[in-house]
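Written below as C-alpha cells is the structure these notes are about.
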Amino acid sequence: MDIRQNRELDRRVEEALSKAGLKDMASAYLIDLSSLACGGWRPDEVIYPASVIKVPIMAEAFHQYDQGVLDPGARIVVSEANQTTTAETTPLTAGYEATIEEMVDLMVTRSDNIATNQLMDVLRRERVTEYMRTLGLGSFLLGRKLSGSEPLIADPEMIGRNQLSALEIGRLLALIAIDRLPGAAAQREILSRCVHNEKLVPGLSPGDRFAHKTGETGDTSHDAGILETFESKRYVIVLYTAPAEHPSGADASHVNPQMTDFMRSLRPAL
C-alpha cells in the first residue's frame, strides 16, 4: 500500500487541531482513501493507545479464521483471571461460555475489556504482534492485558506496555477500508456499531458514516476510524489526545468536546 505524504493534508489537520485547542496535546493522522495521500500532526508520537489496541486484535482473529486455525463459532469458558471492570454491562462473567465471534464483537462494539483479555489468551499476543509487523506496523506491541481500573489485572505473560501510534492504526484501518485484509467487510461492519460516539462523531455532517473505535484512560482520549461522507468520499481519521492536565480524579473525557470541534473544523475541508 503506497501511502504518500501530502503537505496540504498536513496543513488541514494542523489547522483543525489549532482551532480545537488540541495542538499541544494531540497526535493526528488523515488518509484520503481515493488517492492514498496522507497528512498528520506528530503521527508517530508515543501515546498509550488505550482501547484502540483492540482493532489489531480483531484483525488477528479474522486472520486466524482465514488460516483455518480458529473457528469463530468455537466456544470458550471465560476465566476468572480475566475479570476486570469494563465500560458497559457485559455477559462475560467467570464461567460464561462465549463464542470467539461474540467476544470479538463485544471487544470492539462495547470495548469489553474481559473479552479482550480472553481473546489474548486464545489468539496469543505474540501472534497479534507478529501479524501487525508483517503488515508494516513496525513499532506495534501487544504487551499486556487491559484493566478497567486499579489495581491492574495480574498478567504473568506481560512483555511490555502496549504500543500503537496514530500513524500505525491509521494504516491498519486503511488496509481494512480497501479490503486488503481477510474479513475486511465484516470488520468494517463491527466497527460501524461502536456504541461510544461522543468524541469525533458529533462533528460529522448529516449522512456521514464513521466505522470506528475509541479509547480512553485517565490520561488519554482517542478516536480512530473509517469515514464515508454523504458525498461518498472515504477517509481514515485518527485523533489521539493526551491532556497534560485534567480535573483531579477525572478521566480524560473532558477533551471530548474539543475532539468534536476538531472534526467539525476538519470536515468542510474533506
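The values are calculated or read from the model by the stated rules, or taken from the named source; none is laboratory data. Note that the coordinates shown come from a computational prediction; the quantities given were computed from them, not determined experimentally. Because the Cβ atoms are built from the backbone with ideal geometry, glycine has one as well, and the counts that use them run over all protein chains shown. SASA here: full protein model, heavy atoms, side chains in, ligands and nucleic acids out. Shrake-Rupley method; radii C 1.70, N 1.55, O 1.52, S 1.80 Å.
Two decimals, Cα atoms only, Kirkwood Rh: what is Rg/Rh over the range 109-179?
So for the range 109-179, dividing Rg by the Kirkwood Rh gives 0.98.
Using the structure shown, select from 145/213; 23/145; 23/213 the pairs with a Cα to Cα distance greater than 25 angstrom.
Pairs exceeding the cut-off: 23/145.
Let me have the 222 nm mean residue ellipticity of the chain computed from DSSP H runs of 4+ only, each contributing -39500 (n - 2.57), with the sum over all residues rounded to the nearest 500.
Calculated mean residue ellipticity at 222 nm is -10000 deg cm²/dmol.
Just checking my list [x] 18.7, 65; [y] 17.6, 53; [z] 24.2, 86 against Rg and Dmax of the Cα atoms in Å computed from this structure; which label fits?
[y]
Return the carbon/sulfur percentage of the accessible area of the range 73-208, one whole number, probe 1.4 Å, all protein chains in place.
53 percent
Skip the ligands, DNA and RNA, and give the accessible area per residue of the range 26-147 with a 1.4 Å probe, whole Å².
That works out to 36 Å² for each residue.
So how strong a dipole does the range 181-233 carry about its Cα centre when Lys and Arg Cβ are +1 and Asp and Glu Cβ are -1, to the nearest 20 debye?
180 debye
If DNA, RNA and ligands are ignored and the probe is 1.4 Å, what is the ranking of 235, 96, 65 by accessible area, most exposed first?
Result, largest first: 96, 65, 235.
At 1.4 Å probe size, with no ligands or nucleic acids counted, give the accessible surface of residue 147 in Å², nearest ten.
Here the accessible area works out near 40 Å².
Just to confirm, what accessible area per residue do you get for the range 149-233 at 1.4 Å probe, in whole Å²?
Normalised by residue count, the accessible surface of the range 149-233 is 43 Å².
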